[in-house]
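Chemist: Just passing along the structure, written as structure tokens.
Coordinate-derived values only; no laboratory data. All of these numbers come straight from a predicted model, not from anything done at the bench. Glycine gets a Cβ as well: all are built from the backbone with ideal geometry, and neighbour counts include every protein chain shown.
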């Protein structure tokens, strides 16, 4: 690390003003650290995101709903791993519900349809992998969620690629 700092110092100011170079380096590192800390603190909770959905502009709602669904899917995976199947099934119902809301808002606004479909497809793939790792009772809930998300994908694809009468 000492060699890297000295070579960085030489690059910044040459051999002169080594004290000024050290101050500059320390300042840059401190600013970088503050930026990382600020970015880490800006992650809202799922409850905050749920509250934000209704007040957000319609074009931003699909992204918020997808973030909720993806976080709830991660939570469901952790809950299934901890053998808390009932709580995991509640999280799975949120995954399906907020994916459906994301679809509805994306179709209504005409924005983020493609990204919504891609995100839902990734969640379906993740659920398929999860299905093989849960108990028999959990598999039914996971399959139900997969089926609902597949309908969401079908609806999004139909909205994106529908043809008007008379078009080829």
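Chemist: With a 10 Å radius around each residue's Cβ, average the other Cβ atoms per peptide and rank 56-62, 93-99, 28-34, highest first.
Modeler: Ranked by mean Cβ neighbours within 10 Å, highest first: 93-99, 56-62, 28-34.
Chemist: So, how do all the Cα-to-Cα distances of the stretch 46-168 break down into 5 Å bins, in percent, from 0 on up?
Modeler: Calculated over all Cα pairs of the stretch 46-168, the distribution is 2, 12, 22, 21, 17, 12, 7, 4, 1, 1, 0 percent.
Chemist: Could you sort 150-160, 77-87, 112-122 so that the peptide with the highest average Cβ count within 10 Å comes first and the rest follow in order?
Modeler: 112-122, 150-160, 77-87
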